[in-house]
Amino acid sequence: MKRIAVMSGKGGVGKSFVSAGLAIELRRKGLAVGVLDADITGASIPHVLGVGKGQRTNPNGSMAVGRSSTGIAVVSMSLLLPADDKAVIWRGPLISRAIDQLHNDTDWEDTEVMVIDMPPGTSDAALTVLQSIKPDAVIAVSTPQDLVTTVARKSEDMAAQVDVPVLGFVENMAYLECPHCGERIELFGASGEERLVAGGAHLLARLPLVPERTALADQGRLEEAPLPEFEELADAVWEALGILGAASA
C-alpha cells in the first residue's frame, strides 16, 4: 500500500478538502483508495464524503472501514463521536496514540493508496504520522497569502528533517471565476508560487474556490462534483507511485 500525506503548516487552508478531492480523483482512476482522517480534533472527512457515523468492527476484532458512495474506505475519530460538534479534548500523547490505533488496528481490506489527512501544524501529532506511519510522500497545502506560504514551507522543512519526500505544494483557494464574465478574481492576492517553490519543491496544482463544490461537500456529496483541477494533482500522485520506490509495508 502507498501512503500520501496531505499536510499544512496551519489550519484553514482547505487541507481536508484537498485530501478528499485527491481521494476522489484517484478512485476515479480505478484505484482502491482509503482515507485516514488523522486530524483527530478537527475530523471532517466522513462528513465531506457522506460516510455515516458508527463504529465498525470485524469479527476478528479489528476496526472496519466506512465506505463512501463510490467505495472510498474511510477511518476517522469523527465516526466514533455522537455528533460532529463534540470536542475531543485530549493532550498530545493521547492524540498520537489514537492516530496509531486508527492506522494500525484497522483492516484496510483491498486499499492500494491511502490518503492521510494530517493534523495541521508541525507538533507531535504531525510527527506521529511522519515517523510512525512513514508516508511515501507529502503534499503540502497553502493559500496565496505571504504569511500562509511561509507557514506552508514549514511543512516542507519538517518533512525534510524526518526524511519524508515532499511531492510538492497545492495552492488552494487560488482564485474565483466570475460566473458572469469568467474573469479570474484573486481573492487572496497573486499566486505565491515563487515563494512556495523556493526550496525546490514543485507547485502541483492551483485550485479555485468553487461555491458549488463547497455546497456539495457540506451535504456529503463531494463525489458528485466535477473536479477537473484535481486531475493534474491525481496524475502527479499516480506517477509518483512508481517513482518513490517499493510500496510501504
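The values are calculated or read from the model by the stated rules, or taken from the named source; none is laboratory data. Owing to the predicted nature of the structure, the values given are computational and were not obtained by experimental measurement. Every residue, glycine among them, receives a Cβ derived from its backbone with ideal geometry; neighbour counts consider all protein chains shown.
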Strands (runs of 3 or more DSSP E) wholly inside region 41-157 containing at least 1 residues that are acidic (Asp, Glu) = 113-117
task = Would you please list the contacts, defined by Cβ atoms under 6 Å and residues six or more apart or on different chains, that run from a residue in region 124-140 that is within 14 Å of residue 167 (Cα to Cα) to a residue that is aromatic (Phe, Trp, Tyr) and crowded, with 21+ Cβ neighbours inside 10 Å?
result = 140/169
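What number of residues within region 71-89 are surrounded by 14 or more Cβ atoms within 10 Å (Cβ to Cβ) and either closer than 16 Å to residue 48 by Cβ or touching a helix residue (DSSP H, G or I) at 6+ places or on another chain (Cβ under 7 Å) (or both)?
Taking region 71-89 as the starting set, the residues that turn out to be surrounded by 14 or more Cβ atoms within 10 Å (Cβ to Cβ) are 72-81, 88.
Narrowing further to those that are either closer than 16 Å to residue 48 by Cβ or touching a helix residue (DSSP H, G or I) at 6+ places or on another chain (Cβ under 7 Å) (or both): 72-79, 81, 88.
So the answer is 10.
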task = Collect the residues in region 133-157 that are of a type in the set (A, V, I, L, M), surrounded by fewer than 23 Cβ atoms within 10 Å (Cβ to Cβ) and within 21 Å of residue 3 (Cβ to Cβ), keeping them in residue-number order.
result = 133, 137
Single residue of 177, 229 found to be within 26 Å of residue 112 (Cβ to Cβ) and at pLDDT 90 or above = 229
message = Being under 22 Å from residue 133 (Cα atoms), in contact (Cβ under 8 Å) with a residue 24 or more places away in the chain and surrounded by fewer than 21 Cβ atoms within 10 Å (Cβ to Cβ) is true for just one of 22, 36, 26, 31. Which residue is that?
response = 31
ask   = In this structure, is residue 123 surrounded by 23 or more Cβ atoms within 10 Å (Cβ to Cβ), among the polar types (S, T, N, Q) and farther than 30 Å from residue 58 by Cα?
value = no
ask   = Would region 189-198 turn up any residue that is surrounded by fewer than 16 Cβ atoms within 10 Å (Cβ to Cβ), at pLDDT 90 or above and not hydroxyl-bearing (Ser, Thr, Tyr)?
value = no
